[in-house]
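Here the structure comes first, spelled out in structure tokens, and everything after it is commentary.
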Amino acid sequence: MISIIIPTYNERENLEELFERISRALRDHEFEIIVVDDDSPDKTWEKAETLGKIYPVKVIRRTKEKGLSSAVIRGFKEARGDIFIVMDADLQHPPEVIPKLIEAIKNGADIAIASRYTKGGKVENWYWWRKLISKGAIMIGRVALPKIRNVKDPVSGFFALKKGVIAKTDLNPVGFKILLEILIKGQYERVVEIPFTFGLRRAGESKLSQKQIINYLRHIYRLMRWEGEIDRLIKFSFVGLSGIFVNEGALLGFVEFLGWDKRLAVLPATELSILNNFTWNDIWTFKDLKRKPFHLRLLNFHLAALTGALVQWAIYLILLYMGLHYLIANLIGIGFSFIVRFIFNRNITWG
């Protein structure tokens, strides 16, 4: 049994073609269509009920709850199938791709994603700013949540999964990106991406808004907390702060007590602070991620420090050129350097 969960809001005009194409694509499968509608003003739910006389459709009309992700979760609870398909009703997700997703699951995948960004996938007729927002969202997610860094389209709204992936999972997403929640919290081993062409909307209006962008960032933050990445970031910050004291203390000692040249003393002082930071990060911040040999971790940590320093210097010079006060420019540069060093170390040194 294949359960196709379709969250809807004002999609009445698309349903007849959608159901007919799903039925044609799954003519060799037993399937059910679960429409979860948030009490659409255009009475999408009513149209779905009418079409239920022709197609195997179950309609859930929600009058108190709202939101795509919670609608999908409600659909999961009502589904009777062994394989769940999640897709939109706007026909930008072609039903003809569903058999490929099912085949991937039957061939051993736990999750099969219809991907716009894997080889062979594409997006039709998006404005440049929509592409920028989409790629930017993916980049943020992959950087903030290393578990999904190999998934090219972790925010796709069109995917299939085995029922067991979420059977014991407490899903509580914010906003539209239910797949992101499943990829972080679900019980799975293998993810496959199937290329598809994200087409044009036939009717209705896009749901993208500033609120959804903010909700996506909130969702990323919540998943980072759930994964322990926020705690890791805080530890990395404390270690960096300790490095400042080591650097300053060593510099003071070399100059005042050993009489070294101020211009040269900064070099061993910096190296001592790097070694201090590496040691604490190795035994505290990233203690659960020691997958590489010690000497490679130490080398990569030095490379991260160098990369961060170059980023800080570049940002500093750019902001100076723009007329910003040198102290503020340096502070912003330090902030960017911190982010770059954390990302480098999280994904490469201890990745």
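Considering only alpha-carbon pairs that sit under 8 angstrom and 6 or more positions apart, the relative contact order computed for region 4-98 is 43 percent. Seen through its C-alpha gyration tensor, with square-root eigenvalues sorted a ≥ b ≥ c, region 1-132 comes out oblate because a/c lies at 1.5 or above while a/b is not bigger than b/c. The residues of the chain present an accessible area of 53 Å² per residue when probed at 1.4 Å with all protein chains retained. Dividing the helix sum by the residues of the chain, where each DSSP H run of 4 or more adds -39500 (n - 2.57), gives a mean residue ellipticity at 222 nm of -16000 deg cm²/dmol.
For region 19-71, averaging the sequence separation of C-alpha pairs within contact (under 8 Å, six or more residues apart) and dividing by the residue count gives a relative contact order of 40 percent. Mean sequence separation of contacting Cα pairs (under 8 Å, at least six apart), scaled by the length of the chain, corresponds to a relative contact order of 14 percent.
Accessible area of residue 331 (1.4 Å probe, protein heavy atoms only, ligands and nucleic acids ignored): about 120 Å².
Straight Cα distances below 12 angstrom link residue 100 to the aspartates and glutamates 193, with same-chain residues fewer than 8 positions distant left out.
Spatially, region 1-74 and region 251-297 are offset by 60 Å when compared through their Cα centroids.
What a 1.4 Å probe finds exposed on the chain is 58% carbon and sulfur by accessible area, rounded to a whole percent. Under the convention that each Lys and Arg Cβ holds +1 and each Asp and Glu Cβ holds -1, the size of the dipole of region 250-351 around its Cα centre is about 380 debye.
Placing unit charges on C-beta atoms (Lys and Arg positive, Asp and Glu negative, everything else neutral), compute the dipole magnitude of the chain about its Cα centre in debye, rounded to 20.
Roughly 340 debye for the chain.
Could you tell me whether region 251-351 comes out rounded, prolate or oblate from its Cα gyration tensor? Rule is a ≥ b ≥ c as square roots of the eigenvalues, rounded for a/c under 1.5, then prolate if a/b exceeds b/c, otherwise oblate. Oblate, since a/c reaches 1.5 and b/c is not below a/b.
Note on Rg and Dmax of the Cα atoms in Å: of the candidates [x] 27.5, 96; [y] 25.5, 91; [z] 26.6, 96, the value calculated from this structure sits at [y].
Charge tally for residue 105 (other residues, Cβ to Cβ under 14 Å; Lys, Arg +1; Asp, Glu -1): 0. Bridging of residue 43 to lysines at a Cα separation below 16 Å is possible for 58, 64, 66, once same-chain residues fewer than 8 apart are set aside.
DSSP beta bridges fully contained in the chain are about 25 percent antiparallel.
A cut-off under 9 angstrom between Cβ atoms defines the neighbours of residue 187, and their net charge, with Lys, Arg +1 and Asp, Glu -1, is 0. Residue 103 sits with roughly 110 Å² accessible to a 1.4 Å probe, with DNA, RNA and ligands left out of the calculation.
With a 1.4 Å probe and all protein chains kept in place, how do 93, 325 rank by accessible area, largest first?
Numbers: 93 5, 325 95 Å².
Ranked from most to least accessible, the order is 325, 93.
The values are calculated or read from the model by the stated rules, or taken from the named source; none is laboratory data. Just so it is clear, the structure is predicted and the values come from calculations on it, not from any experiment. Using ideal geometry, Cβ is built from the backbone for each residue, glycine included, and neighbour counts are taken over all protein chains shown. With ligands, DNA and RNA removed, areas are computed over all heavy atoms of the protein, side chains included. Shrake-Rupley method; radii C 1.70, N 1.55, O 1.52, S 1.80 Å.
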